[in-house]
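Reading through the structure tokens given below for one structure.
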């Protein structure tokens, strides 16, 4: 079973990682880094696949925004809702947004699209995107790899406990994911309270 899993990952793991990082990819890249520690994947090929997927993904989103931006705002409410926040980030941090867009959870796809809708130069975005994708692929793949290394300091036979370590790693990633939504819900409390008061006033004064 172990050998079958290893062969399967060596055949399919890199293109699955490429597709995952083309979309979002933090979680899948962390898991790939851990699997590289276990010898199922090559850590350098993991980084290369993630670099290619994340770089080409953001280039695609940027040029979609440049060509189809108004259409996306009109027909996709999720993008329209984040449009003003993303513009504020761009106005506040300028070209640095092109670098950090990959690290802004929840805005990973939206920011390149909106950058494409601004006069931001395509060539500048390409260079910044390449550097950002390189740093991102190293940071998150090494996060998973070092998780395995750290476990090896406390567990003598890491291979024997790999399923439990994968479960623990998944739990950590899931907790970070949940904390993002909890933090977002907490920040939105004043807006929800104002909306509730407005509805009450409308009911009291028809």
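The values are calculated or read from the model by the stated rules, or taken from the named source; none is laboratory data. As the structure is a computational prediction, the values presented were derived from the model and not from experiment. No Cβ is skipped: glycine too gets one built from the backbone with ideal geometry, and neighbour counts run over all protein chains shown.
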> Does any residue of region 92-99 turn out to be at pLDDT below 75, out of contact with any helix residue (DSSP H, G or I) (no Cβ under 7 Å at 6 or more places or on another chain) and at positive phi?
Replying inline: yes
> From 65, 53, 57, 25, which residue is modelled with pLDDT under 90, crowded, with 22+ Cβ neighbours inside 10 Å, out of contact with any strand residue (DSSP E or B) (no Cβ under 6 Å at 6 or more places or on another chain) and under 18 Å from residue 105 (Cα atoms)?
Replying inline: 25
> Which number in (1) surrounded by fewer than 20 Cβ atoms within 10 Å (Cβ to Cβ); (2) farther than 25 Å from residue 49 by Cβ; (3) modelled with pLDDT of 75 or more; (4) touching a helix residue (DSSP H, G or I) at 6+ places or on another chain (Cβ under 6 Å) marks the one condition that residue 124 misses?
Replying inline: (4)
>> Can you pull out every residue in region 41-50 that is in a helix (DSSP H, G or I) and surrounded by fewer than 20 Cβ atoms within 10 Å (Cβ to Cβ)?
In response: 43, 44, 45, 48
> What are the residues in region 124-133 that are touching a residue at least 12 places away in the same chain (Cβ under 8 Å) and more than 16 Å from residue 104 (Cα to Cα), if any?
Replying inline: 124, 125, 126, 130
> Within the set of pairs 6 or more residues apart or between chains, which connect a residue that is more than 27 Å from residue 100 (Cβ to Cβ) inside region 135-157 to a residue that is part of a loop (DSSP other than H, G, I, E, B) with Cβ atoms less than 7 Å apart?
Replying inline: 148/38
